[in-house]
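Engineer: Pasting a structure below so you can have a look.
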Amino acid sequence: MNNKFKVIAIEKKVTTSEEAIKVCGATLEEAGLVDTEFVNACLTREKEFPTGIASIKPVAIPHCKHDGIKQNSICLLRTETPVEFYRMEDPEETVKVNLIFNLAIKDSKEHLEVLQQLIQLISNEAMVEELMAVKEENLSQKLELYL
């Protein structure tokens, strides 16, 4: 198990990227891992710097630098139907994703390390397929194994 950060994984039906970020932020807030302003900070950053990644299996990695992060954590949201996020490398284009990794990491160095680990993960089609296929109750443990 990863001791550097808490992993929470959920499966919900959402229809927009904004709703996806709000669901993730609320989940982290309910767990006592972030404050109430975390969601707004993520939404603001997402508008300025989109986080959709057109990888083998497209994903989004919303995140922000925020003083209200109480404990390093990740909320993985798996959606029933794809949600459009604007692309990181081309903010005029969108990408449809089923996996949203909302990062809440305090330290900049640790933040980059987690991003690097996630980029390696999403570059591996088999691992992403496992995250899509595993039962919801086992999703957190599966992600922890990969990070």
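Engineer: Which one of Leu145, Thr27, Phe85 is farthest out on the positive end of the charge dipole of the chain, using unit charges on Cβ (Lys, Arg +1; Asp, Glu -1) and the Cα centre as origin?
Structural biologist: Projecting each Cα onto the dipole axis, the largest value belongs to Leu145.
Engineer: Follow-up question, since we're still on this one. Any idea what the relative contact order of the stretch 1-116 is, in percent, if you count C-alpha pairs under 8 Å spaced at least 6 apart?
Structural biologist: Rounded, it is 32 percent for the stretch 1-116.
Engineer: Would you compute, from DSSP H runs of 4+ residues alone, the mean residue ellipticity of the chain at 222 nm, taking -39500 (n - 2.57) per run and dividing by the full residue count, rounded to the nearest 500?
Structural biologist: That comes out to -12500 deg cm²/dmol.
Engineer: With the alpha-carbon atoms as the only input, what is the per residue convex hull volume for the stretch 1-87 in Å³?
Structural biologist: 102 Å³
Engineer: How many nm separate the modelled label positions at Gln116 and Glu48, each set 7 Å beyond the Cα in the direction of the Cβ?
Structural biologist: About 2.5 nm separates the two model spin labels.
Engineer: Rounded to the nearest 20 debye, what is the charge dipole size of the chain about its Cα centre when +1 sits on each Lys and Arg Cβ and -1 on each Asp and Glu Cβ?
Structural biologist: The calculation lands at about 260 debye.
Engineer: Working only with C-alpha atoms, what are the Rg and Dmax values of the chain, expressed in angstrom?
Structural biologist: 13.7, 38
Engineer: Quantify how much of the Cα-Cα distance distribution of the stretch 9-57 extends past 16 Å, in percent.
Structural biologist: Value for the stretch 9-57 (Cα pairs over 16 Å): 46 percent.
Readers should treat all values here as calculations from the given coordinates under stated rules, not as data from a laboratory. What you see is a predicted model; the values in this text were computed from it and never measured. Cβ atoms come from the backbone with ideal geometry, glycine included; neighbour counts cover every protein chain shown.
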